[in-house]
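> Please find one structure pasted underneath; my questions will follow.
The values are calculated or read from the model by the stated rules, or taken from the named source; none is laboratory data. These figures come from a predicted structure and were not determined experimentally. Virtual Cβ from ideal backbone geometry, glycine too; neighbours counted across all protein chains shown. Note: areas computed on protein heavy atoms with side chains; ligands, DNA, RNA excluded. Shrake-Rupley method; radii C 1.70, N 1.55, O 1.52, S 1.80 Å.
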Amino acid sequence: MNAVYLAQDPTLADFGRDPWWLVLIKIVFAFAFGLVATLLGVWFERRVVGRMAVRPGPNQAGPFGLLQTLADGLKMAFKEDILPKAADKVVFFFAPTISVICAVTSLSVVPFGPMVSIFGHWTPLQVTDVPVAVLVLLACSSMGIYGIVLGGWASGSTYPLLGGLRSSAQMISYEVAMGLSIVAVFMTAGTMSTSGIVAAQGEGTRLSIAGLEIPAPGWYAILLLPSFIIFFISTVGETNRAPFDLPEAESELVAGYMTEYSSLKFALYMLSEYVAMVTMSAVTTTLFLGGWRAPAPITTIWAGANSGWWPMLWFFAKVVMLVFVFVWLRGTLPRLRYDQFMRFGWKVLLPINLVWILVLAGLRSIEDWDSRSKLIAVGIPAGILLLATLLWPSRKPQPKPTVQEQVNDRPHGSFPLPPMDLQVPPSPRTRRVVAEREPANIAAGPDSREV
């Protein structure tokens, strides 16, 4: 009986029944997870990038350099805290904390595991869950923008203000693409609850093709591959990570919205980026990678892989894998130009997302049809799209006119042009003198030879 209950997925009815001290333990655990994962994430990134660049990375403070992040935090704490004269003191102080608090708050609705026993109480490994938990995640992510905007405005300087405005435009733009990519998850899972989405991915999917029932994987990263790709790209832009780290942009904005910050407030801004990276990795794991459930090879070999405390191991492994992808992108891709970045978000990700949602909605609407009707409903639009792609006229580039044609097309009365060959003809009034080189009379030595 206990083993069956341990493997049970939590539902919304399982929340709100815990005693106050158990809720406090969960909150402290979620906060500690975000803090420790951030400290280790900084060390992990420096070690991985160092490995990619064929250098050791931090290896002096503590074993394998694990205490390097702690040493950097202590160093920042003892640095001088500078407050600009024109700064708004209250907003300047609270702006960094907004970014950190919003990133940590998102972990409250992330499921870390199934139902477990904690001091005799059966409880889910999750702080809380609501019917619209994913909207809570989006709200926390959107509120984090205020920390950057207010930090740039409250500094009372030009460069931070420009950096804050540019950062807000970037994050809002990719917030739209990220929100639309989750719509496909809602449509497939039938719920906005994070625990419900994890449970829906554990049941698996069966596809009906030409009357045949074909088993398909339950992870939405495979079933909803376009949504997963767009969501992950949007999270990279949302967390200001390379190659989308344009809010700092040292070569353009002198570190952007953080220009006037120092000491612990600067450290909070830097750590908020890593907290957001870890949080978005946990959210991606929950929405697309099956959450705390073990991958298919493990579940087929071991029936109890999703029971007890073991699911936390699979959850942390998936989060570390996604953090590695974040670091991998930083060590591989160069920074984009701002216009390329915004064009990619509005003109590429957004249209693809809308078309994919339209296609998915059409497929969901014909699920109850018979096989012949499904084949007709899918085959005719696919055939029309294929013919349109093959027969669409290609846009041939216009031939570039020659220099002489450009000169001939000049309107009458235009300014005179210099010679096109860049050779100025000599004036007929100038007498041309050509100096002829005389041979040098140098006595030949015994070892000399004609070259």
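> For Val359, what accessible area in Å² do you get when you roll a 1.4 Å probe over the heavy atoms of the protein chains, rounding to the nearest 10?
70
> What shape does the range 109-195 have by the C-alpha gyration tensor, where a ≥ b ≥ c are the square roots of the eigenvalues, rounded means a/c under 1.5, and otherwise prolate means a/b greater than b/c and oblate the rest?
Here the range 109-195 falls in the oblate category.
> A follow-up question, please. Setting aside same-chain residues fewer than 8 positions from Lys347, which lysines have a Cα under 24 Å from its Cα?
Lys396
> Hey, another quick one. May I ask which of Lys26/Lys89; Lys26/Lys75; Lys85/Lys265; Lys26/Lys265 have a Cα-Cα span longer than 24 Å here?
Lys26/Lys89; Lys26/Lys75; Lys26/Lys265
> Using a 1.4 angstrom probe, figure out how much accessible area the chain has per residue, in square angstrom, rounded to the nearest whole.
Result: 59 Å² of accessible area for each residue.
> Normalised by the number of residues in the chain, what is the relative contact order in percent for Cα pairs under 8 Å and 6+ residues apart?
Relative contact order here is 19 percent.
> If the viscosity is 0.692 mPa s and the temperature 37 °C, what Stokes-Einstein diffusion coefficient in µm²/s follows for the range 265-344 when Rh is the Kirkwood radius over Cα pairs?
Stokes-Einstein gives a translational diffusion coefficient of 221 µm²/s.
> As a test of the definition: which semi-axes, in Å, follow for the range 332-423 when you take the square root of five times each eigenvalue of its alpha carbon gyration tensor? Largest first, please.
52, 22, 11
> If you don't mind, another one. Quick one: with all protein chains in place, what share of the accessible area of the chain is carbon or sulfur, to the nearest percent (1.4 Å probe)?
Carbon and sulfur together cover 68 percent of it.
> Also, quick follow-up: How large is ³J(HN,Hα), in whole Hz, for each residue of the range 166-178 in order, when computed from phi with the Karplus curve 6.51 cos²θ - 1.76 cosθ + 1.60 and θ = phi - 60°, using x for Gly and Pro?
Once θ is set to phi - 60°, the couplings for the range 166-178 become 5, 5, 5, 4, 5, 5, 5, 4, 7, 5, 5, 5, 5 Hz.
> Given axes a ≥ b ≥ c from the Cα gyration tensor, I'd like to know whether the range 1-148 is rounded (a/c under 1.5), prolate (a/b larger than b/c) or oblate.
oblate
> Can you give the net charge of the other residues whose Cβ lies under 14 Å from the Cβ of Ala154, counting K and R as +1 and D and E as -1?
Overall, the nearby charge balance is +1.
> For the range 107-117, in order, what is each residue's ³J(HN,Hα) by Karplus, 6.51 cos²θ - 1.76 cosθ + 1.60 with θ = phi - 60°, in whole Hz (x at glycine and Pro)?
Taking θ as phi minus 60°, the curve returns 5, 5, 10, 8, x, 8, x, x, 6, 9, 9 Hz for the range 107-117.
> What do you reckon, how do Arg166, Arg17, Arg410 stack up by accessible area (1.4 Å probe), largest on top?
Highest to lowest solvent-accessible surface, that is Arg17, Arg410, Arg166.
> Over the range 82-154, what is the relative contact order in percent, taking alpha-carbon pairs closer than 8 angstrom and at least six residues apart?
45 percent.
> Where a ≥ b ≥ c are the square roots of the eigenvalues of the C-alpha gyration tensor, would you call the range 61-177 rounded, which needs a/c under 1.5, or, failing that, prolate if a/b is larger than b/c, or oblate?
Cα axes put the range 61-177 in the oblate bin.
> I would also like to ask the following. Please give me, ordered by residue number, the chymotrypsin sites (Phe, Trp or Tyr not before Pro) of the range 256-341 that lie in loop per DSSP and have at most 12 other Cβ atoms within 10 Å.
Loop-located and lightly packed - Trp302.
> Ordering Ile25, Ile101 by accessible area with a probe of 1.4 Å, largest first, what comes out?
Solvent-accessible surface, decreasing: Ile101, Ile25.
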